[in-house]
Amino acid sequence: MAREVMSDKRNRAAEVLRRLEGAMPEAHIELDFERPLELLVCVILSAQTTDRRVNLVTPALFERYRSAADFAAATPKEIEHFIKTLGLFRNKAKSLVKLGKALEQLHGGEVPRTRKALAALPGVGPKTAGVVTIHLEGGEPAFPVDTHVQRLARRLGFSAKAKPDHVEADLQKLWPAERWAMGHQLLVWHGRRVCHARSPECHRCVVAELCPKRGVKQKKKG
């Protein structure tokens, strides 16, 4: 693909999202939650494990711990009992206790809406904060970059940067802010279902003709 001017890249990016949305109109965050605190906890727990596994443990966890105060009053060992099937469960249990205390002390037990305030909480980094804020009513616009989004951004020729925050800055230039949340979700879904890390299924990709396939090893014919 020839070098693109920014206007052409934006047009291609808009068409990519249009096609992905047409193919996956049901795209949504696959973590089960009802309240902001549950969302925040789910995203923290999802690190280095699958959403499906998180959804298996959270019903019992949220039945026992309903508020920030409940998490603050718990011990890591108590929380470990509920999340021991997840990766890094000991560290996550410690983070949830610290998270509860921080929410109580700094935010009156409520989950803040700004990305900066979220990212400052224990167990929460920029990516987690971005995922949370785009799913909160009144949250800030963001285009959080996880491994799927970073991989697809490179393959699609939208960003060659290595650091997630730099990739996010490149992606934010391509779409208006009101499309960032959906753009993030569509790239995540496409990465999980079609554009896999090791063996992307380009033969059934709805945006194949729009993709320069940067970094994808082409199979030899014959």
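The values are calculated or read from the model by the stated rules, or taken from the named source; none is laboratory data. Keep in mind the model is a prediction, meaning the values are calculated, not measured. FYI the Cβ positions are ideal-geometry reconstructions off the backbone, even for glycines, and counts take in every protein chain you see.
Assorted remarks:
- Members of segment 103-117 found to be within 16 Å of Ile134 (Cα to Cα) and part of a loop (DSSP other than H, G, I, E, B), listed by number: Val111, Pro112, Arg113, Thr114
- Highlighted here are the helices (runs of 4 or more DSSP H) found entirely within segment 1-94 that include at least 3 residues which are among the hydrophobic types (A, V, I, L, M, F, W, C) and in the same structural domain as Arg193 (by TED's automatic domain parsing): 6-23.
- His203 vs. criteria surrounded by 16 or more Cβ atoms within 10 Å (Cβ to Cβ) and free of Cβ contacts under 8 Å to residues at least 60 places away in the same chain: no
- Selection status of Arg204, modelled with pLDDT of 95 or more, more than 28 Å from Thr128 (Cα to Cα) and outside the structural domain of Lys127 (by TED's automatic domain parsing): yes
- Tally of residues being touching a residue at least 12 places away in the same chain (Cβ under 8 Å) and surrounded by fewer than 18 Cβ atoms within 10 Å (Cβ to Cβ) across segment 156-174: 5
- Residue count for segment 129-149, restricted to those that are assigned to a helix (DSSP H, G or I) and surrounded by fewer than 22 Cβ atoms within 10 Å (Cβ to Cβ): 3
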